[in-house]
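I am attaching a structure below and will ask some questions about it afterwards.
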Amino acid sequence: MSAFNTTVPEKICLVIPPSVFLLDERVFTTLGILKVAASLEVAGWPVEVLDLSGFTNYEEITRLHVAQSEARIFALTTTTPQMPATANVAAAVREARPDAATIIGGPHPTLIAAALKYEQKQNLEGRAHKAFHQLEKMFDVIVAGDGEDAIFEAIAAVETDQVLVDADSSSSPMFLTSKRLDESPWPARHLVDLESYKYEIEGYRATSLIAQLGCPFNCGFCGGRQSPMLRRIRTRTSKNIIDELEFLHLTYGYRGFMFYDDELNVNKDIVQLMDGICDLQDKLGTDFRLRGFVKAELFTAEQAEVMYRAGFRQLLTGFESGSPRILENINKKATRDDNSRAVEFAKSVGMKVKALMSLGHPGESHQTVEDTKNWLLEAEPDDFDCTIITTYPGSPYYDHALETKPGIWTYEYKKTGDRLHAYELDYNVTADYYKGDPDGGYKAYVFSDHISSEELVAARDALEKEVREKLNIPFNPSAASVNYEHSMGQMGPLPANILRASVPEQTQRKAA
Ligand code: B12
């Protein structure tokens, strides 16, 4: 790597790799890396964002862009299922520009670093060590945790031998406190083509935002249970959230907002926040339609009422299962009754409910799948989806599993002794690890002592078909990815839906 002078701001290229496994990649933009972009802009660094979401020829686009970009530092974001594409993007950057420096941040490196620390504490050298070494081979600098401040240390680290920039510890000054989160600039949405992301809530054009960070619960399938970034609740003031809604409305005209907080109702100020959102609509002389997630056992009739008043017409909840035993094995904390009650509270005020269900937990059987189907038919949500669990790094199902046969990793929920087995997979190359082929069938890489992977897939398909038919819920349509056409490898400027750069006078407006 050549020597960089990273004390003087130079152009940084931030890259959003595609999510080839999603049915439609241009629904919600990736907000995390846009928070990093906003931090850089506020500090005076020119930034460009290469948004590869939805492009099948993303490697070619990367090579062509990198060869002509002024940037020499390329910083990528990634979740685990994006890793196969992310690895290809990193290779394309290196191919086009061997002296480039690469930085990787986001949920995947954060979770791998957290799992690595867990192994180190136990004097183990297991899967996290291997995964971390794989990342080290692909990238110059690995960032764990919140990126708003860590990006500056990462840029400095490209000149040194430092590989890991670890912001994922509450003792790190780079770990955002609620106060720092509140002060940090909102995502630099002007650096992506927001118009090309299409979503509607009840007919209102919508975009997404994050009002708080972290979920303190410990569900077995969920990533980040050992990662403070994903676990610690960090809240923003109601005013700051309301200001962001106002900014999004006035700047882009949105009246629909999807809150991507893990659970809106872990926020003790939820009633105050909803009242403030009502006042904002009065002030603007408009009305909003909102959508977000709540945790079932914390959901109350009062919350339902105030959320409806603020504009919520759709709620999503990870109910996961209709089987009390499976809810226990997940360590879900919500009971079957809590789940049913949450649906009733929402419906009683006129809100629709999307039930997020999953199969493939420890102890899953034909009977527990039947229980899940029956709960859906009884609770009658307005919509649902039902996935098959994949054990990915950073989740208890993965991190606490032991290799019980070559290539088979087994997690046991200690209280009941129920087990889940997962096939070893290289998530750096297996792209359909998570959702399977959108046009035909899921793939399961897990099985229990009572049901095989193939049976899980068949049971999932049958459940989905029967519940959709009986509750009259149509299947979701899928949208195809596109190929960016250019003639004979000669590339002019990339269109705005792929590349956007900061213009000095347009830097992100800071929260007032
Ligand atoms: C919104 C969301 C989605 C949305 C939108 C995704 C999108 N386009 O952004 C949808 C519904 C599409 C979605 C889908 C999926 N999701 Co999702 N999703 C989330 C959620 C709830 C919020 C993400 C977010 O915006 N966070 C807030 C921002 C500020 O945080 P952030 O993205 O982590 O970014 C910060 C740091 O990571 C870091 N950072 C990020 N990038 C970079 C880059 C650099 C260079 C640096 C320095 C730092 C840095 O700095 C950022 C600012 O602090 C998270 C859970 C969570 N609470 O974070 C799960 C989460 C990211 N999803 C997850 C999963 C598993 C999925 C799916 C696989 C689900 C499925 N079965 O299909 C798919 C895969 C999607 C994908 N693209 O990979 C996992 C990922 C676990 C993993 N191992 O990677 C998470 C962590 C949930 C969990 N706890 O298990 N998801």
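The values are calculated or read from the model by the stated rules, or taken from the named source; none is laboratory data. Here the structure is a predicted model, which is why all the values come from computation and not from measurement. Backbone-built Cβ (ideal geometry, glycine too); neighbour counts: all protein chains shown. Surface areas here come from the heavy atoms of the whole protein model, side chains and all, with no ligands, DNA or RNA. Shrake-Rupley method; radii C 1.70, N 1.55, O 1.52, S 1.80 Å.
Whole number in Å², please: accessible area per residue of segment 199-471, 1.4 Å probe, ligands, DNA and RNA not counted.
Using a 1.4 Å probe on heavy atoms only, each residue of segment 199-471 averages 40 Å².
Looking at the square roots a ≥ b ≥ c of the eigenvalues of the Cα gyration tensor of segment 86-233, which shape do they give, rounded for a/c under 1.5, prolate if a/b is larger than b/c, or oblate?
Oblate.
Could I ask something else about it? Suppose all protein chains stay in the model; what accessible area per residue would a 1.4 Å probe give for segment 108-182, in Å²?
Computed with neighbouring chains in place, this is 44 Å² per residue.
Which far-off residues, 5 or more places away or on another chain, put their amide H under 5 Å from the one on Val353, with H placed in the peptide plane?
Leu315, Asp382, Asp383
What list of ³J(HN,Hα) values in whole Hz, one per residue of segment 81-95 in order, does the Karplus curve 6.51 cos²θ - 1.76 cosθ + 1.60 (θ = phi - 60°) give from phi, with Gly and Pro shown as x?
Rounded to whole hertz, the list is x, 7, 3, x, 5, 4, 4, 5, 5, 4, 5, 5, 4, 4, 5.
Starting from 0.36 nm per residue, how many nanometres of slack lie between His129 and Leu402 once their C-alpha separation is accounted for?
Net length gain for the segment: 96.8 nm.
Report, please, the projected area of the chain averaged over directions, based on the convex hull of its C-alpha atoms, in nm².
23.3
How much length, in nm to one decimal, is gained on full extension between Lys283 and Asn218, taken as 0.36 nm per residue of separation minus their Cα-Cα distance?
Residue separation times 0.36 nm, minus the Cα-Cα distance, leaves 19.4 nm.
Over the chain, what percent of the accessible surface lies on carbon and sulfur atoms, probe 1.4 Å?
Taking all protein chains in place, the chain shows 52 percent carbon and sulfur surface.
May I pose another question? Would you please give the FRET efficiency between Val163 and Thr56, computed as 1/(1 + (r/R0)^6) with r the Cβ-Cβ distance and R0 = 35 Å, to the nearest 0.05?
After rounding, the FRET efficiency stands at 0.65.
Filter Lys179/Lys239; Lys295/Lys333; Lys332/Lys373; Lys179/Lys354; Lys332/Lys415 down to the pairs with a C-alpha to C-alpha distance above 21 Å, please.
Lys179/Lys354
Mind giving me the FRET efficiency for Ser452 and Ser170? R0 is 45 Å, r the Cβ-Cβ distance, nearest 0.05 is fine.
With R0 = 45 Å, the Cβ-Cβ based efficiency is 0.60.
In addition: For segment 267-334, just the Cα set please: Rg and Dmax, both in angstrom.
14.9, 49
Also, I was wondering about something else. Test of understanding: what is the full-extension gain from Thr177 to Leu23, defined as 0.36 nm times their sequence separation minus their Cα-Cα distance?
52.0 nm
Report the normalised scattering of segment 12-172 as log10 I(q)/I(0) at q = 0.17 Å⁻¹, calculated by the Debye formula with identical scatterers on the alpha carbons.
For the requested q values the scattering log ratios are -1.00.
What are the ³J(HN,Hα) values, in whole Hz, obtained from phi via the Karplus relation 6.51 cos²θ - 1.76 cosθ + 1.60 with θ = phi - 60°, for each residue of segment 43-54 in sequence order, with x given for Gly and Pro?
7, x, 8, x, 10, 10, 10, 9, 9, 8, 4, x
Could you give the alpha-carbon Rg of segment 199-471 over 2.2 N^0.38 Å, rounded to two decimals?
That works out to 1.05 for segment 199-471.
Step through the residues of segment 196-205 one at a time and calculate ³J(HN,Hα) from phi using the Karplus curve (6.51 cos²θ - 1.76 cosθ + 1.60, θ = phi - 60°), rounding each to whole Hz and writing x for Gly and Pro.
7, 8, 10, 7, 9, 10, 6, x, 9, 4
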